[in-house]
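Mind having a look at this structure? Questions to follow.
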Amino acid sequence: MKILVINGPNLNMLGIREPGIYGERSYEALVDFVRGVCESHGVEATFFQSNHEGAIVDAIQEAYGVMDGIVINPAAYTHTSVAILDALKAVAIPAVEVHLSDVSAREEFRHVSYAGMACQATFAGYGFDGYRMAVEYLLEHRG
Ligand code: CA2
């Protein structure tokens, strides 16, 4: 199984600021963590991080016919991007949404998720472990 792990804007800054919300570990530590989870399950993982909405749309489109699943934390684009929602719908690859923080317990504007409307499940508020849950969800629900 091949999984594309997409992280959106500012997640490359993990561990640098706001450790109270997003933790103290870096983006590189997140990639190492998810790579370890995937290796333990025999999953081939590809990682993509971008601060640009169109680049994320391109990455989703390029996954078509190549990837079996997508794990996506669209970060701030979660709450704004119909383009990412449409891309996920267009490729119809099983996708799971992840958020490090519990977005439902934060500001009202974080309660809406466009990307989530095209995802099979959402794991929010579990920190890095949410990515493990997402990978395992895709494994358990593969067709
Ligand atoms: O909880 C999450 O994973 C979020 O997707 C993170 C986004 C936020 O806009 C979403 O509402 C919830 C923000 C990521 C910003 O990451 C930072 C990392 C270090 C310092 C500052 C921000």
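The values are calculated or read from the model by the stated rules, or taken from the named source; none is laboratory data. Not measured: the values here are computed from a predicted model. Note: ideal-geometry Cβ built from the backbone for every residue, glycine included; neighbour counts use all protein chains shown. Surface areas here come from the heavy atoms of the whole protein model, side chains and all, with no ligands, DNA or RNA. Shrake-Rupley method; radii C 1.70, N 1.55, O 1.52, S 1.80 Å.
Could you grab me the full set of residues in the range 44-101 that are out of contact with any Ser or Thr (no Cβ under 7 Å at 6 or more places or on another chain), farther than 13 Å from Gly116 by Cα and among the charged types (D, E, K, R)?
Passing the criteria: Glu44, Asp58, Glu62, Asp68.
In the range 33-55, which residue that is buried (at least 18 other Cβ atoms within 10 Å of the Cβ) and polar (S, T, N, Q) is farthest from the ligand (Cβ to nearest atom)?
Among those that are buried (at least 18 other Cβ atoms within 10 Å of the Cβ) and polar (S, T, N, Q), it is Ser50.
Okay, moving on. Could you grab the pairs with beta carbons closer than 8 Å, sequence gap of 6+ or different chains, first residue in the range 90-102 and within 7 Å of the ligand (Cβ to nearest atom), second one at pLDDT below 95?
Leu100/Ile21; Leu100/Tyr22; Leu100/Gly23; Ser101/Ile21; Ser101/Tyr22
I'm trying to understand the selection: among the residues of the range 88-135, which are buried (at least 16 other Cβ atoms within 10 Å of the Cβ) and among the charged types (D, E, K, R)?
Once the filter is applied, which keeps residues that are buried (at least 16 other Cβ atoms within 10 Å of the Cβ) and among the charged types (D, E, K, R), the range 88-135 yields Glu97, Arg110, Arg132.
Can Tyr22 be described as open to solvent by 40 Å² or more (accessible area, probe 1.4 Å), near the ligand (Cβ under 8 Å from one of its atoms) and touching a residue at least 12 places away in the same chain (Cβ under 8 Å)?
Numbers: open to solvent by 40 Å² or more (accessible area, probe 1.4 Å): yes; near the ligand (Cβ under 8 Å from one of its atoms): yes; touching a residue at least 12 places away in the same chain (Cβ under 8 Å): yes.
For Tyr22, the condition - open to solvent by 40 Å² or more (accessible area, probe 1.4 Å), near the ligand (Cβ under 8 Å from one of its atoms) and touching a residue at least 12 places away in the same chain (Cβ under 8 Å) - is met.
Suppose we keep only residues that are over 28 Å from Gly23 (Cα atoms) and open to solvent by less than 20 Å² (accessible area, probe 1.4 Å) within the range 56-87. Which one would you say is farthest from the ligand (Cβ to nearest atom)?
Only one residue fits best here, namely Ala63.
What residue, of Val66, Val57, is of a type in the set (A, V, I, L, M, F, W, C) and in contact (Cβ under 8 Å) with a residue 40 or more places away in the chain?
Values: Val57 fails: in contact (Cβ under 8 Å) with a residue 40 or more places away in the chain.
On inspection, the qualifying residue turns out to be Val66.
Give, as residue ranges, the strands (runs of 3 or more DSSP E) completely inside the range 35-143 that count at least 2 residues that are among the aromatic types (Phe, Trp, Tyr) and closer than 16 Å to Leu11 by Cβ. Before the answer, list the steps.
Numbers: elements: 44-49, 69-73, 95-99, 121-124.
Fully inside the range 35-143 and qualifying: 44-49.
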